[in-house]
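Take a look at the structure set out below.
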Amino acid sequence: MRRKALAMDEEAKPKLFRTGREMKRRRGGEGESQCTQKTISLQSPLGTIQVRGCEAGVHTIRLLMDVAPAERNDQGPGSCEVIDGSAGAGPELLRCVDWLRDYFSDPGAAGGPLLPRLHHPTLRGDSFSSRVLRTLLQEVRFGETVSYKRLAEMAGNPRAVRAVGGAMRRNPVPLVIPCHRVVPSSGPSGAYMGGGGNHLKVWLLAHERPGG
């Protein structure tokens, strides 16, 4: 009964995510390993961002943390430009680039229809981590935060607070799936990117606040 309750009906899965079954149909039975991926690099207020994906969607977003906080603060909030890799990129990868530009120029506008499709295997399964990440994307909006405990409840397992923390650490597409909006119940913003990106989390939360 528990497995049945937690299983996600195929028709109810958000179209933002490509399932493995759909990809096999689209690619003549070939699986994830057959994806041809490209990488686009952007210069942003957070430093260099690398977006990697295939024709079906975005696989990963990496924040390289190669800009010191003092240098980052000198950049305008809307500065996010491609520096390498856009030639020959598929439509979903370019859609992600547009989304990131919108996010840094006007974070509220980035919640519109230009949200890119996501194709990392973690996001297409029915594991608890998958449900946590989908719930975060669908339910926690710009300018909002949610505690680890509350997100565990929203994903269907109130006792799995530590598992929520693990899902945040393994989030393959930060910014698009906003793990920076998940904070401890005690109040402080908490760790980001294993603790090395805490200053980025503070910046992102301030960027999303009205008038931030």
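The values are calculated or read from the model by the stated rules, or taken from the named source; none is laboratory data. Predicted, not measured: the structure shown is a model, and the values here were computed from it. Here the Cβ is made from the backbone with ideal geometry for all residues, glycine too, and neighbour counts use every protein chain on show.
Can you tell me which residues in the range 171-212 are among the acidic types (Asp, Glu) and touching a strand residue (DSSP E or B) at 6+ places or on another chain (Cβ under 7 Å)? Lay out the reasoning, then the answer.
Keep residues of the range 171-212 that are among the acidic types (Asp, Glu), which gives 208.
Passing the criteria: none in range.
For the structure I just gave you, tell me whether residue 156 is surrounded by fewer than 14 Cβ atoms within 10 Å (Cβ to Cβ) and either on the phi > 0 side of the Ramachandran plot or in contact with a Cys (Cβ under 6 Å, 6 or more places away or on another chain) (or both). Outline the logic, then answer.
Numbers: surrounded by fewer than 14 Cβ atoms within 10 Å (Cβ to Cβ): no; either on the phi > 0 side of the Ramachandran plot or in contact with a Cys (Cβ under 6 Å, 6 or more places away or on another chain) (or both): yes.
For residue 156, the condition - surrounded by fewer than 14 Cβ atoms within 10 Å (Cβ to Cβ) and either on the phi > 0 side of the Ramachandran plot or in contact with a Cys (Cβ under 6 Å, 6 or more places away or on another chain) (or both) - is not met.
Going through the range 141-150 one residue at a time, which ones are modelled with pLDDT of 95 or more, touching a helix residue (DSSP H, G or I) at 6+ places or on another chain (Cβ under 8 Å) and not hydroxyl-bearing (Ser, Thr, Tyr)?
146, 149
Residues that are at pLDDT 85 or above and surrounded by 15 or more Cβ atoms within 10 Å (Cβ to Cβ): does the range 16-36 have at least one? Working first, answer last.
Restricting attention to the range 16-36, the residues satisfying the condition of being at pLDDT 85 or above are 35-36.
Add one more test, that the residue is surrounded by 15 or more Cβ atoms within 10 Å (Cβ to Cβ), and what stays is 35.
Yes, the range 16-36 has at least one match.
If a residue has to be outside any helix (DSSP H, G or I) and at pLDDT 90 or above to count, how many in the range 98-108 make the cut?
In the first step, residues of the range 98-108 are kept if they are outside any helix (DSSP H, G or I); the result is 106.
Now restrict to residues that are at pLDDT 90 or above: none.
The number of residues fulfilling the criteria is 0.
Can you tell me which residue among 212, 111, 166, 197 is surrounded by fewer than 17 Cβ atoms within 10 Å (Cβ to Cβ) and modelled with pLDDT of 90 or more?
On the way: 212 fails: modelled with pLDDT of 90 or more; 111 fails: modelled with pLDDT of 90 or more; 197 fails: surrounded by fewer than 17 Cβ atoms within 10 Å (Cβ to Cβ).
So the residue among 212, 111, 166, 197 that is surrounded by fewer than 17 Cβ atoms within 10 Å (Cβ to Cβ) and modelled with pLDDT of 90 or more is 166.
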